[in-house]
Amino acid sequence: MTVSTAERQAMIRARELGAAVLGTTSPNPPVGAVILAPDGTPVGEGATAPPGGPHAEITALAQAGGRARGGTVVVTLEPCAHTGRTGPCADALLAAGVARVVVAVPEPTELADGGADRLRAAGVDVEVGVERDEAEAGALAAWLTGVREHRPFVVWKVAATLDGRVAAADGSSRWITGEAARAAVHQLRATCDAVVVGSGTAVVDDPQLTVRDVAGGLAGRQPLRVVVDRRGRLPATARVLDDAAPTHVSRADTPADLLAELFDRNVRRLLLEGGPTLAAAFLREGLVDEVVVHLAPTLLGAGPPLVGDLGISTISDALSLATIEVTPLGGDVQLRLRPTRHTGARQSADRRS
Ligand code: ZN
């Protein structure tokens, strides 16, 4: 595989463009595309628009205009070959006269694949699999989980003290973390299609679960707010039921049932915000894909732990996580982790496909 330095730089930029629209494209993939003129100069870029809008390649082509002719398209996902609401991108690339297409991830769905073949058949030079791992671990991760497992990608977020407490012994939990960490939570919610809490959290903490901008105003796009409330405990006065954003109250019995319900509502990336019992249920089923912990440099010595019973009784069964990123947030620390080995409970659990 021969890939130029300009193409590698364009691929990094394409991943950034895709990441910037994470949370706005579901059920479509957040793709980024960059067009290079024949001399390697970037002349156009684009990212997937919200559903019904143009795909990344189309926006990038429009920006490049005639400078795309004989040039190279660098894109995080194989250009589509199916006629959806926007027409196949492979045909648009051919019409624009591009000479080469560099792709990170091959199209995994039968509906849209065949783009690379169509381009090659027309004489375009196509490279597939360039920096594929990086692209799959980035903005496309949630969408790929949807394609492969027919369920949303689950990010579990929790704020805790240094000794892993999410509240004090009297139940008070306001402002465990500082302002920077709370702002980061709003940014994280903005990258998700839905935010989920259990009825316990909804009743005790009464969160609004909205996305707010730095000035404190409601953001233009709000994820679906979801309360898991099997026993009908949620009072009609709960803030999560206000008109600031759409809300879904679920009676689902298991995490897998909840995920199936939300997948049908086009949720591809879900933020699980607690509490310890709901988080434990997801972890026991092996249904957490990423963990974001906001750790405050305080000690409580008592109070509920950040996760409930995982059914683990011996150290060799511990659930292991790999640290992806460590970021200081004001006086707090953000850890991003991915489970690497699940508990014994997971192997015996019934998992739906
Ligand atoms: Zn397309």
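The values are calculated or read from the model by the stated rules, or taken from the named source; none is laboratory data. A quick note: this is a predicted structure, and the numbers were derived from the prediction, not measured. FYI the Cβ positions are ideal-geometry reconstructions off the backbone, even for glycines, and counts take in every protein chain you see. Note: areas computed on protein heavy atoms with side chains; ligands, DNA, RNA excluded. Shrake-Rupley method; radii C 1.70, N 1.55, O 1.52, S 1.80 Å.
Data table
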{"read-out": "Gaussian network model of the chain, Cα within-10 Å springs - most flexible of G18, G114, G330", "value": "G330"}
{"read-out": "Alpha-carbon Debye profile of the chain, log10 I(q)/I(0) at 0.07, 0.12 Å⁻¹", "value": "-0.34, -0.91"}
{"read-out": "Structure-based [θ]222 nm, the chain - -39500 (n - 2.57) summed over DSSP H runs of at least 4, per residue, nearest 500", "value": "-7500 deg cm²/dmol"}
{"read-out": "Cα gyration tensor shape for the range 5-139, rounded if a/c is under 1.5, else prolate or oblate", "value": "rounded"}
{"read-out": "For the range 152-339, diffusion coefficient by Stokes-Einstein and Kirkwood Rh (Cα), 4 °C, 1.567 mPa s, µm²/s", "value": "77"}
{"read-out": "Per-residue ³J(HN,Hα) for the range 145-150, Karplus 6.51 cos²θ - 1.76 cosθ + 1.60, θ = phi - 60°, Hz, x for Gly and Pro", "value": "4, x, 5, 7, 10, 6"}
{"read-out": "Amide proton proximity set for V101, modelled H, under 5 Å, gap of 5+", "value": "V73, D125, V126, E127"}
{"read-out": "Highest-fluctuation residue, S313, S250, S172 considered, GNM on the chain with Cα pairs under 10 Å", "value": "S313"}
{"read-out": "Separation of alpha-carbon centers, the range 240-288 and the range 122-171, rounded to whole Å", "value": "16"}
{"read-out": "Using θ = phi - 60° and Karplus 6.51 cos²θ - 1.76 cosθ + 1.60, couplings along the range 20-30 (whole Hz; Gly, Pro as x)", "value": "5, 10, 4, x, 10, 10, 4, x, 7, x, x"}
{"read-out": "Amide H partners (placed H, <5 Å) of G198, local residues excluded", "value": "V228, G274, G275"}
{"read-out": "GNM result for the chain, Cα springs below 10 Å: residue of L271, L287, L119 fluctuating most strongly", "value": "L119"}
{"read-out": "Karplus-derived 3J(HN,Hα), 6.51/-1.76/1.60, for each residue of the range 172-185, Hz, glycine and proline x", "value": "5, 9, 4, 6, 5, 9, x, 4, 5, 5, 5, 5, 5, 5"}
{"read-out": "Solvent-accessible surface (1.4 angstrom probe) belonging to D205, in square angstrom, nearest 10", "value": "60"}
{"read-out": "Area accessible to solvent at S173, 1.4 Å probe radius, in Å²", "value": "40"}
{"read-out": "Surface per residue (accessible, 1.4 Å probe) for the range 5-139, Å²", "value": "40"}
{"read-out": "Dipole magnitude of the chain about its Cα centre (Cβ charges: Lys, Arg +1; Asp, Glu -1), debye to nearest 20", "value": "380"}
{"read-out": "Estimated FRET transfer efficiency (R230, Q187; beta-carbon r; R0 45 Å; 0.05)", "value": "0.90"}
{"read-out": "Cut-off under 5 Å, modelled amide H: who pairs with G32 long-range", "value": "G18, T76, L77"}
